[in-house]
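Right, one structure below, let's go through it.
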Amino acid sequence: MMTDEQVKAVVRFKRDAITARSWSFEFTDETTLSDADQELRISVFEEAIYGMRGSWADATNNILSAMYQGFSITEKTFKLGELNGKQWYGIDYLRLKPQETFYFYLDVYGNVQRVTQRLFGKEQDIDMEKFIHYVQNPEWDEQYGRSELRECYRAWFSKEMIIKFQNIHLERFASGFLWSHPKAGTLQHLGAPYQL
């Protein structure tokens, strides 16, 4: 459905309305840290985001691909960075993984027992601490979510079929109209009197 120009435009508009906003780090009023410590932590967080490979906007857009896929899983990789003469761990890269390769194994109560990824005919357990698991509409399914496109599927399918059948109809008439010019002495049909 995301190849349809109208569907894609609406989904991207909704996504960009979220990710295009400005952002900042704030501490709550209950924070017991001094103002200097708060400023230091904000500087570390900002340095981690600005120092990562790729852009923060692209990373959040990738995470929000869950809007049309139901859920997304993004791998976090880290690196050492330096700020004010000290080394800190920061984000190196946020890499979106193919969501269709992940499987959640639940117990009878719906609790996640393990998560695996199947790639190249091999299944391996993964540590979810190293991933960002974002779920769209978790009220339908806590692990796999539900795509925002589900509600508009019937309208999209009808439009798709109408376009296909209209194109078939147009293709049948693409060679033009049949136009005949009877010559003198031939029989003329279409209500005209016969001439010999």
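The values are calculated or read from the model by the stated rules, or taken from the named source; none is laboratory data. Predicted, not measured: the structure shown is a model, and the values here were computed from it. Cβ placement follows ideal geometry from the backbone for every residue including glycine, while neighbour counts extend to all protein chains displayed. Side chains are part of the model used for accessible areas, which takes the heavy atoms of the whole protein and leaves out ligands, DNA and RNA. Shrake-Rupley method; radii C 1.70, N 1.55, O 1.52, S 1.80 Å.
Some values worked out for this structure:
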| item | result |
| --- | --- |
| Considering residues of segment 109-133 that are over 17 Å from Leu94 (Cβ atoms) and among the aliphatic types (A, V, I, L, M) only, the residue surrounded by the fewest Cβ atoms within 10 Å (Cβ to Cβ) | Leu119 |
| Where a residue in segment 44-69 is touching a residue at least 40 places away in the same chain (Cβ under 8 Å) and farther than 30 Å from Asn84 by Cα and its partner, wherever it lies, is open to solvent by less than 30 Å² (accessible area, probe 1.4 Å) and aliphatic (A, V, I, L, M), with Cβ under 8 Å and at least six apart | Ile63/Leu94; Ala66/Val135; Met67/Val11; Tyr68/Val11; Tyr68/Leu149 |
| Given (1) of a type outside the set (Lys, Arg); (2) at pLDDT 85 or above; (3) within 29 Å of the chain's Cα centre (by Cα), number of the condition Trp88 does not satisfy | (3) |
| Segment 1-48: number of residues that are open to solvent by 80 Å² or more (accessible area, probe 1.4 Å), in a loop (DSSP other than H, G, I, E, B) and of a type outside the set (S, T, N, Q) | 6 |
| Failed condition for Gly81, given (1) at pLDDT 90 or above; (2) more than 30 Å from Tyr153 (Cα to Cα); (3) not in a loop (DSSP other than H, G, I, E, B) | (1) |
| Residue match in segment 165-185 (condition: among the polar types (S, T, N, Q) and modelled with pLDDT of 90 or more) | yes |
| Segment 70-96: number of residues that are in contact with a Gly (Cβ under 6 Å, 6 or more places away or on another chain) and either under 10 Å from Tyr134 (Cβ atoms) or in contact (Cβ under 8 Å) with a residue 40 or more places away in the chain (or both) | 4 |
| Checklist (1) outside any strand (DSSP E or B); (2) within 25 Å of the chain's Cα centre (by Cα) applied to His133, failing item | (1) |
| Top-ranked residue in segment 144-163 [being open to solvent by less than 90 Å² (accessible area, probe 1.4 Å) and among the acidic types (Asp, Glu); ranked as nearest to the chain's Cα centre (by Cα)] | Glu148 |
| Checklist (1) of a type in the set (Ser, Thr, Tyr); (2) buried (at least 18 other Cβ atoms within 10 Å of the Cβ); (3) touching an Asp or Glu at 6+ places or on another chain (Cβ under 6 Å) applied to Ser65, failing item | (3) |
| Qualifying residue in segment 95-108 (condition: more than 18 Å from Arg146 (Cα to Cα) and modelled with pLDDT under 90) | no |
